[in-house]
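The values are calculated or read from the model by the stated rules, or taken from the named source; none is laboratory data. The structure displayed is predicted, hence computed values, not measured ones. Note that we place each Cβ from the backbone using ideal geometry, even for glycine, and neighbour counts take in every protein chain shown.
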């Protein structure tokens, strides 16, 4: 087998551990340098390939590459760019193949969620059509945990740990002040379509009745009256109520709570996310003093409180992608399989990309309590292992020391420029 | 000196390390049990004394008391209750003295901010007037860092570390996506009157030009045009702009940005905090895609990322309060003094409460850069030591293990009830 170069790109929303996957790819490729030449990373994801902006990862020291394992977000840049349909417009795919050809790239590692699995699959198909051999392997990544055929997605365990820990800590705050101050606290978390991230808030509870008292999932139609009654009952019983709300929580007709907004005393529509909209209900319907937090990017970049299990798995899927390629595989996604053991254990698996593309995995109904406001023991059994272990980054002067890459671009070989 | 009991109460907004001060009080009192009897904690702060709801801390194991050192928020409950003016209505003070007398309480340790320093001072004065001897010592606590005569306030170092780390992490996220996605990220932090917490965001920058690019302080009048120009210049230069905004940021006339709001296309006023209001300007004035986060209670309860320096100081001020009492002192606040050494060092000091009460310490102008959007080297020199060191809580199943107190109430001795 002739030695060929590899291309690696990060896609979509970044996570606390996507760089650990990059580290797994680069270190494993390096360990097989008789078979794999350079690892080029796309500057800002797939756009880097289209623009022929390839980062030469061999310019980084081994120490810097190793530091990627504890560095959050996308060290090479990521992007939100969905390739056009090949039959509608083959130009993007033709450009990719031209760039790959020019730089003798034989391996395509694409690190992302559902959309990128689809792109990765198309690259594999089209390389055949265009007669340029390339092995395309998908490396899963998404905080949303909504990819099918993998027990869980790297990136999710760390955001889950952040949400569980933050819910626990904020709940203690509210509990200690509720007698004279805030009665209701709302934490808004990510998850536009699936409630996995919100469900992780449930791990803050040690026993029944512990906060969070209410979790709002996109999978369960929001019933305003039932919700308000539950809040009122909870405050009467405990003195306070903690709510974890998914940004995707919605009414039965599919209207997001965030978009529904509410109307003030003058009939003006109030805009806002889920948390401020719910907070407004607290005030207008129940008269409770409230506070709310919006974790936003903090939750998916919080490498300081990453799950050790997640870091380990993120590295492992990157490593496995290279090993799959060396074994001659293509058009597959690396997956994580949970072993059927009593104690949590996992192994690397694989799935044909044709099956993965554009399927979203929602929370199963039996992971959500009967009243729709909490998680079941089944959910807890699934979630708990994913947040196990702490993997602290090194600190200097009180601040985490994250990798700072040089990101040196490879000299262009194509005359043509490509507008993205 | 006859052996007498002590009363300890937590006051106002809680912090990640106020329980470390409680731990310092209880453990130090225990070490002097020949002089101090029981330590009673007020259930929900001073209200617990008024209601004669006293928690017997001797019912907790030594292990649980030690665990307070790594437990955030107020383990005995806190409250927002400002005592009435003695000359207007002496009933509350008379009640306090009656409860202290009934339970043979000779030491009053009050753990809070400016308001509680005032209350503590009054208790000292009134105990003399009413002829019941009690030594009142104030233990400083506030995330706002706005108490005078102390170099810094326990609770601040940890929120500062949280804000610095979160700003650093979220900035990496924005940087990696800005080519095709979010251009402006806004983090709203606490600090209604003083910009100390917002200033800590500046510690995320290693060198000039690093994010955060803009900090908004309550001390600097908000100039909308200057602000928008700076955002635009920053995005043009770096591709993105990170903003840390104090909730107290305000216009020259004292109108909070949060209250000023903005008006939508229909002329309706949009409500919200600083962050959503600034975000709205990004959209309407500059057309940039934005994201924003509101840390709210997460920032002050984040014991998982507490500053080791802060934890140590919080414990030390609790310990010193007991030692002050044993040395016969009263009507004083324990303070933290920065030594004039090259390497950061500190020691315990004291200040007469008469001087402390109701004075707020703002950011000095020379801590804020000339353009009003950043911190100076002087500020950095002041802030950096306060976030030094990590002091991780123990974890079980991926979740921090915080102290769970029994909070057993002492039997009431007074027939009269007191309505608060």
Practice problem: Starting from residues that are within 30 Å of residue B:62 (Cβ to Cβ) and touching a helix residue (DSSP H, G or I) at 6+ places or on another chain (Cβ under 6 Å), keep the ones in region B:400-420 and report whichever is nearest to the other protein chains (Cβ to nearest Cβ). | Solution: B:400
Practice problem: From B:283, B:339, B:269, B:343, grab the single residue that is surrounded by fewer than 24 Cβ atoms within 10 Å (Cβ to Cβ), at pLDDT 95 or above and within 13 Å of chain A (Cβ to nearest Cβ). | Solution: B:343
Quiz prompt | Answer from B:81, B:32 - the residue that is more than 14 Å from chain A (Cβ to nearest Cβ), out of contact with any strand residue (DSSP E or B) (no Cβ under 9 Å at 6 or more places or on another chain) and in contact (Cβ under 8 Å) with a residue 60 or more places away in the chain | solution = B:32
Exercise. Give the number of residues within region A:245-256 that are more than 14 Å from residue A:290 (Cβ to Cβ) and surrounded by 13 or more Cβ atoms within 10 Å (Cβ to Cβ).
Key: 7
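Might you let me know whether region A:181-188 holds any residue that is more than 24 Å from residue B:293 (Cα to Cα) and assigned to a loop (DSSP other than H, G, I, E, B)?
no
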Self-check item: Count of region B:46-64 residues which are buried (at least 16 other Cβ atoms within 10 Å of the Cβ) and in contact (Cβ under 8 Å) with a residue 60 or more places away in the chain
Solution: 11
Self-check item: Filtered residue count, region B:50-69, keeping only those that are within 14 Å of another protein chain (Cβ to nearest Cβ) and either touching a helix residue (DSSP H, G or I) at 6+ places or on another chain (Cβ under 6 Å) or within 23 Å of residue B:104 (Cα to Cα) (or both)
Solution: 5
Quiz item: If only one of B:143, B:174, B:159 is under 13 Å from the mean Cα position of the chain (by Cα), assigned to a helix (DSSP H, G or I) and in contact (Cβ under 8 Å) with a residue 60 or more places away in the chain, which one is it?
Solution: B:159
Quiz item: When residue A:323 is evaluated against the numbered criteria (1) out of contact with any strand residue (DSSP E or B) (no Cβ under 8 Å at 6 or more places or on another chain); (2) without any contact (Cβ under 8 Å) to a residue 60 or more places away in the chain, which criterion, by number, is the only one it fails?
Solution: (2)
Practice problem: Select from region B:396-416 the residues that are over 30 Å from residue B:101 (Cα atoms), surrounded by fewer than 17 Cβ atoms within 10 Å (Cβ to Cβ) and without any contact (Cβ under 8 Å) to a residue 40 or more places away in the chain and list them in ascending order. | Solution: B:396, B:397
Quiz item: Across region B:370-390, which residue is farthest from residue B:244 (Cα to Cα) among those that are within 11 Å of another protein chain (Cβ to nearest Cβ) and assigned to a loop (DSSP other than H, G, I, E, B)?
Solution: B:389
Quiz item: Checking residue B:47 against (1) closer than 17 Å to residue B:418 by Cβ; (2) within 14 Å of another protein chain (Cβ to nearest Cβ); (3) touching a helix residue (DSSP H, G or I) at 6+ places or on another chain (Cβ under 9 Å), which single condition isn't satisfied?
Solution: (3)
Quiz item: Does residue A:209 qualify as being away from chain B (no Cβ under 11 Å) and assigned to a helix (DSSP H, G or I)?
Solution: no
